[in-house]
Amino acid sequence: MTRFAPNSQLETHEVTNQPPPFAGHNLFDSDLALRDAALREGGAWVGAPLSALGAEAGSEAVLELGDLANRHPPELVTFDRYGRRVDEARFHPAYHQLMGVAMDHGIHDIAWRTEGPGGHVAHAAKLALLTEAEAGVLCPISMTYAAVPALRHQPDVTQPWLDAVIGGTYDAPLAPIAGKRGVTIGMAMTEKQGGSDVRANTTRAFPLETGGRLYRLVGHKWFCSAPMSDGFLTLAYTDKGLSCFLVPRIAPDGTRNGIQVMRLKDKLGNRSNASSEIEYHDAVAWLLGEEGKGVSVIIDMVHHTRLDTMAGTLGIMRRPLAEAVNHVTGRRVFQKTLADQPAMRSVIADLALEYEAAAVMTMRVARAFEGQGEGDRAFARLAVALGKYWLTKRCPNFVYECMECHGGVGYVEETPLPRYFRESPLNAIWEGSGNVIALDVLRTLHREPGALEAYWAEIGRHGGKHGTVVEFAARLHERLGRPLGESDARRLVEDMALLLQAVLLVEHAPEAVSDAFVDSRLGGRWGRCFGTLPAEADIDAIVRRQIEPLAG
Ligand SMILES: Cc1cc2nc3c(=O)[nH]c(=O)nc-3n(C[C@H](O)[C@H](O)[C@H](O)COP(=O)(O)OP(=O)(O)OC[C@H]3O[C@@H](n4cnc5c(N)ncnc54)[C@H](O)[C@@H]3O)c2cc1C
């Protein structure tokens with residue numbers, strides 16, 4: 001729906017030289033970096049469903065839902081009017097509508113419904129696209145997607161849940177899952193005394209039957225996002241150690257389970273999504289996998305949410321970049337459109353390189369999640385950590401530069417820039433904060449030599465075509481042969497991620513993009529802020545790749 005044009009003729013002046021609002025673009029078709037990477041890694045079939053979501057997510061109506069869901073964040077209702085506990089987060093209708101869009105497009109289950117290649121690529125690209133309308137709803141959607149491999153550890157218990165996730169649609173009201181059209185699943189690991197260090201958890205689990213899988217949980221979780229999910233994967237100690245449980249919101253006897261929502265977090269961003277503190281008061285739960293082996297079950301979920309931190313970051317980068325392109329092409333300063341001012345072209349080009357590198361990397365890593373072989377699994381394990389670390393670290397400054405392209409209006413809440421800026425640090429913090437991820441990479445290198453072999457195989461497949469890349473790879477190779485301490489971890493991860501991005505761009509992106517990326521990021525011919533590319537960079541070609549698809 002396009003609204004009737006606003007009136008530009010005011011009593012004291014005419015409103016001129018302001019760009020049209022960014023709306024009505026197909027977010028997939030107009031994003032050549034994402035489109036090319038998704039089609040290449042996922043196969044031609046992903047084009048139609050991604051284009052369908054791109055059209056819907058870019059419509060004025062859906063973009064407005066994102067805005068509304070943030071302006072009216074969820075509220076906690078702990079009791080009903082008669083004093084009975086309800087423990088519910090109440091959302092604005094816009095949130096529910098966006099959840100409906102997400103599940104109608106199968107962001108939660110396309111990876112598990114797809115036979116053959118492309119399922120995880122389609123999932124990751126879809127998650128990125130809807131993030132361009134609103135990031136908050138993708139938290140429960142991502143957790144629901146990621147819960148599947150963990151639930152599969154115990155199909156005798158979880159089959160009804162798997163059936164309700166795969167093929168399910170959004171069905172918000174609290175009800176036993178047997179009667180629902182679909183379910184969502186959350187994850188509650190972090191406690192007050194330990195988040196990264198889950199071994200410090202104190203929540204206890206006590207068996208309810210001898211030799212059975214039913215337990216009761218007593219304890220708390222300091223962070224539990226999407227507390228309106230139908231069930232949660234959680235960690236608690238039994239006598240045999242830290243174990244993984246599925247806690248339903250409705251207990252097996254049909255009553256509300258003993259999960260109390262203590263309060264909602266007052267967060268910097270991600271405001272449409274409820275994140276809560278909860279307590280388990282004899283909450284009934286099923287043990288998944290072996291007692292004492294809980295981390296190895298829930299890590300399958302975390303591995304997949306880490307892919308989504310990359311995909312989500314892509315969306316958090318792309319919307320501000322597209323808004324910036326829209327702004328600079330629609331505004332004139334000093335007798336030229338901003339997009340024709342050389343200093344601004346240089347900024348847009350530099351941002352575009354950063355985004356394209358993020359897109360090729362995310363889609364390549366998503367494809368590795370589909371591989372059945374040992375090499376694919378090892379590559380996915382390492383590459384998702386490299387990508388999560390690097391993309392999420394680059395994101396806040398990227399979004400800030402996009403904001404600055406707008407001048408003053410970019411700082412104003414009527415544009416989505418402040419919202420995306422507030423969102424931009426989050427993917428770095430959850431699912432393993434920066435140091436934890438960097439140390440995880442070191443551990444993988446030490447414990448799984450196959451992961452490093454898979455990494456070098458990927459670099460070798462593409463890496464010999466550019467002298468600067470070859471030299472950079474040789475230096476990195478030499479460094480990896482030396483003993484590495486924890487304080488080396490961040491620098492190492494940066495370089496491994498950059499090299500991977502570079503080889504993928506050299507292989508797949510237009511030469512203007514890959515040359516400028518390699519010269520600046522690997523060759524050191526770059527300043528300290530965006531907009532400092534070397535003089536030989538083909539800025540016109542890079543900027544055209546951004547502007548033309550949005551103009552069409
Ligand atoms: C909006 C939001 C929603 C969330 N939702 C959920 C949820 O639904 N479920 C859930 O379980 N959790 C959730 N979390 C929690 C999140 O996953 C944790 O906050 C995160 O894992 C870090 O744990 P922590 O807060 O305990 O920090 P800590 O573990 O105390 O870490 C603090 C800092 O120390 C660093 N650090 C840790 N270990 C080392 C080390 N060995 N060496 C050097 N540095 C180290 C970390 O990288 C981090 O920067 C959410 C968090 C946020 C912000």
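The values are calculated or read from the model by the stated rules, or taken from the named source; none is laboratory data. As the structure is a computational prediction, the values presented were derived from the model and not from experiment. Here the Cβ positions follow ideal geometry from the backbone for every residue, glycine too, while neighbour counts run over all protein chains shown. Only protein heavy atoms, including side chains, enter the accessible area calculation; ligands, DNA and RNA are left aside. Shrake-Rupley method; radii C 1.70, N 1.55, O 1.52, S 1.80 Å.
Against the condition farther than 19 Å from residue 37 by Cβ, aliphatic (A, V, I, L, M) and either part of a helix (DSSP H, G or I) or within 16 Å of the ligand (Cβ to nearest atom) (or both), how does residue 349 come out, does it pass? Judged against the criteria, residue 349 is not a match. A count restricted to segment 278-312 and to residues that are outside any helix (DSSP H, G or I), more than 15 Å from residue 233 (Cα to Cα) and within 12 Å of the ligand (Cβ to nearest atom) stands at 0.
For segment 343-364, a residue qualifies if it is under 23 Å from residue 17 (Cβ atoms), buried (at least 24 other Cβ atoms within 10 Å of the Cβ) and of a type outside the set (A, V, I, L, M), but none of them does. Determine whether residue 410 is out of contact with any helix residue (DSSP H, G or I) (no Cβ under 7 Å at 6 or more places or on another chain), open to solvent by less than 40 Å² (accessible area, probe 1.4 Å) and closer than 23 Å to residue 27 by Cβ. It is false that residue 410 is out of contact with any helix residue (DSSP H, G or I) (no Cβ under 7 Å at 6 or more places or on another chain), open to solvent by less than 40 Å² (accessible area, probe 1.4 Å) and closer than 23 Å to residue 27 by Cβ.
If I filter segment 329-346 for residues that are part of a helix (DSSP H, G or I), within 30 Å of residue 529 (Cβ to Cβ) and touching a Phe, Trp or Tyr at 6+ places or on another chain (Cβ under 6 Å), do I get at least one hit? The answer is no, given that none of the residues of segment 329-346 is part of a helix (DSSP H, G or I), within 30 Å of residue 529 (Cβ to Cβ) and touching a Phe, Trp or Tyr at 6+ places or on another chain (Cβ under 6 Å).
What are the residues in segment 489-514 that are part of a helix (DSSP H, G or I), in contact (Cβ under 8 Å) with a residue 40 or more places away in the chain and open to solvent by 10 Å² or more (accessible area, probe 1.4 Å), if any? Explain how you work it out, then say what you get.
Residues of segment 489-514 that are part of a helix (DSSP H, G or I), as a first pass: 489-508, 511-514.
Subset that is in contact (Cβ under 8 Å) with a residue 40 or more places away in the chain: 489-490, 492-494, 496-508, 513-514.
Result: 490, 494, 498, 506, 507, 508.
Residue count for segment 158-204 under the criterion of being away from the ligand (no atom under 16 Å from the Cβ), outside any loop (DSSP other than H, G, I, E, B), in contact (Cβ under 8 Å) with a residue 24 or more places away in the chain and open to solvent by less than 30 Å² (accessible area, probe 1.4 Å): the result is 4. Checking the conditions here, which among 111, 61 is crowded, with 23+ Cβ neighbours inside 10 Å and in a helix (DSSP H, G or I)? When all the criteria are applied, what remains is 111. Would you check if residue 428 is at pLDDT 95 or above and away from the ligand (no atom under 16 Å from the Cβ)? No; evaluated as a whole, the condition is false for this residue.
So which of 128, 133, 69, 147 ends up being over 16 Å from the mean Cα position of the chain (by Cα), small (Gly, Ala, Ser) and either modelled with pLDDT under 95 or open to solvent by less than 30 Å² (accessible area, probe 1.4 Å) (or both)? Let's see the steps before the verdict.
Details: 128 fails: over 16 Å from the mean Cα position of the chain (by Cα); 133 fails: over 16 Å from the mean Cα position of the chain (by Cα); 147 fails: over 16 Å from the mean Cα position of the chain (by Cα).
Testing whether each residue is over 16 Å from the mean Cα position of the chain (by Cα), small (Gly, Ala, Ser) and either modelled with pLDDT under 95 or open to solvent by less than 30 Å² (accessible area, probe 1.4 Å) (or both) leaves just 69.
Scanning segment 240-277 for residues that are without any contact (Cβ under 8 Å) to a residue 12 or more places away in the chain and among the β-branched types (Val, Ile, Thr) yields a single hit, 255. Consider segment 277-301 and keep the residues that are farther than 20 Å from residue 230 by Cβ and of a type in the set (A, V, I, L, M, F, W, C). The one that is least open to solvent (accessible area, probe 1.4 Å) is 295.
Taking the listed residues 83, 43, the one that is without any contact (Cβ under 8 Å) to a residue 24 or more places away in the chain, over 18 Å from the mean Cα position of the chain (by Cα) and at positive phi is 83, with no other qualifying. If the condition is being among the small types (Gly, Ala, Ser) and within 27 Å of residue 74 (Cβ to Cβ), then segment 168-215 contributes 168, 172, 175, 178, 179, 182, 186, 188, 194, 195, 196. Filtering segment 451-477 to residues that are among the small types (Gly, Ala, Ser), crowded, with 17+ Cβ neighbours inside 10 Å and either within 16 Å of the ligand (Cβ to nearest atom) or modelled with pLDDT of 95 or more (or both) leaves 451, 454, 473.
Residues are listed down the side, and each one gets a yes or a no for (1) acidic (Asp, Glu); (2) in contact (Cβ under 8 Å) with a residue 12 or more places away in the chain:
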site: 408; (1), (2): no, no
site: 437; (1), (2): no, yes
site: 441; (1), (2): no, yes
site: 453; (1), (2): yes, yes
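Can you tell me which residue among 376, 340 is free of Cβ contacts under 8 Å to residues at least 24 places away in the same chain, surrounded by fewer than 24 Cβ atoms within 10 Å (Cβ to Cβ) and farther than 25 Å from residue 130 by Cβ?
340
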